[in-house]
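A.B. asks: Could you have a look at this structure, given as structure tokens, before my questions?
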Amino acid sequence: MKVLLHSFLLSLLLHAPESVGAVFSLSDSDPNSAQFKRRFLASYGVNEAIEPKLTSRERPLYQKVAPLLANSPRQAIDLVRQSMTSDSNAAFDFLLGNLHYQLRDYSSAETALQNAVRKFPAFRRAYRTLALTQVQRSRYDQAVAPLLKVIELGGGDAQAYGLLGYCYLLAEKYESGLSAYRMARMFEPDSLDFRRGQAHCLMQTQQHALAIALFDELIREYPNDVDFWLLQANAFVETGRRDQAIANLQLLADNDKGTWQSFALLGDLYLGEDLESLAISAYLQGLRLQRSVVEDDLIRPLEGLLARRLYDSSRQYLEALGNLTLESLSEKNRSLISLASAKVELAIGDAEGAVAALKAILTSDPLNGEVLLTLGEYFFGESDFDQAERYFDLARSVSEVEVDALIGLGRLSVARRAFGSAVDFLRRAQSIESRSNVARYLEAVEQRSRRR
């Protein structure tokens, strides 16, 4: 079984809370960090070599406002506004923008900074604060243009390239993000954010060997960060090194650092190695740790166990699910759980009760293809061919299961020794979706049909 990046891992790679969201929370490159705040307060000066020059009439206002910048920004705003007109020097628009940014009034900051760059299109620091304003408002796509302008005007540094990489990562422009992060690391090679962002981009551009090496470095420095272990395990899976992926995840489990995500992936890997007892143990441990897990992810291991006809383990998983408080389950997933329970009972429990439960589902959902197929398979196994035909025939009208229903009718026809009909059903199934195992079966049935 090939284990892919499942939805719960994609949520780690590209998790999107609110409108745009974040892949991970910024730490050492966060615009709200103490280091960046110190740098921001130091940016209030005027660099007249590359920025709007203050006239002799304007300089006194700037000097009067300067003592208020750090500790009395509201007073400074009032003082600047009293003296400004629509054609005032862009330096004062920049000053207003910075003051509003300092007070987290990002809408007013954006307006003032847009005025600054309109009046003075090469105003590098205004573009930088404008980009920071967009980042603070989670408008990462809108932060790209001013960041690129900062770099174009000669301001390419760790902050500009690092935030640009982050914005590209969120926009799923992974190659561009990778280039930006590499430039950022030229200035700050040990930045946690830059290395983490680069690792995400490497994963998304299928450069898993490089990602593994970078995760090795990060894990050595941050051994308690579960995401690094988990993402590296996925990189191991993608490169066929499943034993190392299992080692990563089992190490988390042994050190009580496992999460629902790590146990779910560990269960998948054990299941892929046909280690049923280890797989169900991992799944059950994960269930005990689940916190606000997407409900589809809770159902997925059950579907994997049933697909392999591991009914005892499926029953254990169903019992564990039943012990959780899952009132908010969608109608679809409640139906899936009911169907799974019935399949388990049909195989190793109360078949009569299971058939009744399945028929009850059809009362409210008469075109539930999975239920129709399950009943068809059950009656086929019981040699009640008329009932089996009825349910397979109903199932073929449901597009999602039409192919399986046609295959069921083909098998049923073989059991009745109606080989010509079987060939027709199987050919129809193959015309919709070609399957190698069905092709082999069809060939064998055609040979039987010709011999009659």
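The values are calculated or read from the model by the stated rules, or taken from the named source; none is laboratory data. Worth saying up front: this structure is predicted, and the values here are computed from it rather than measured. Because the Cβ atoms are built from the backbone with ideal geometry, glycine has one as well, and the counts that use them run over all protein chains shown.
A.B. asks: Kindly indicate whether L278 is more than 21 Å from N224 (Cβ to Cβ), in a helix (DSSP H, G or I), at pLDDT 95 or above and of a type outside the set (D, E).
C.D. replies: It is true that L278 is more than 21 Å from N224 (Cβ to Cβ), in a helix (DSSP H, G or I), at pLDDT 95 or above and of a type outside the set (D, E).
A.B. asks: To continue, here is another question. Residues in the range 422-451 that are of a type in the set (S, T, N, Q) and touching a residue at least 12 places away in the same chain (Cβ under 8 Å): how many?
C.D. replies: Looking only at that region, the number is 2.
A.B. asks: For V293, which of the numbered conditions (1) assigned to a helix (DSSP H, G or I); (2) touching a residue at least 60 places away in the same chain (Cβ under 8 Å) fails to hold?
C.D. replies: (1)
A.B. asks: Look at the range 70-107 and say how many of its residues are more than 20 Å from A145 (Cβ to Cβ), small (G, A, S) and part of a helix (DSSP H, G or I).
C.D. replies: Total meeting the criteria: 3.
A.B. asks: Please work out which residue is surrounded by the most Cβ atoms within 10 Å (Cβ to Cβ), limiting yourself to the range 385-436 and to residues that are among the aromatic types (F, W, Y) and under 43 Å from the mean Cα position of the chain (by Cα).
C.D. replies: F392
A.B. asks: Oh, and also: Among the residues that make up the range 234-249, is at least one of them assigned to a loop (DSSP other than H, G, I, E, B), over 16 Å from A199 (Cβ atoms) and of a type in the set (S, T, N, Q)?
C.D. replies: No, the range 234-249 has no match at all.
A.B. asks: Another question, then. Determine, yes or no, whether A320 is surrounded by 14 or more Cβ atoms within 10 Å (Cβ to Cβ) and either of a type in the set (D, E, K, R) or more than 30 Å from A199 (Cα to Cα) (or both).
C.D. replies: Taking the combined requirement at face value, the residue satisfies it.
A.B. asks: With respect to Y270, is the statement that it is touching a Pro at 6+ places or on another chain (Cβ under 6 Å), free of Cβ contacts under 8 Å to residues at least 40 places away in the same chain and not in a loop (DSSP other than H, G, I, E, B) true?
C.D. replies: no
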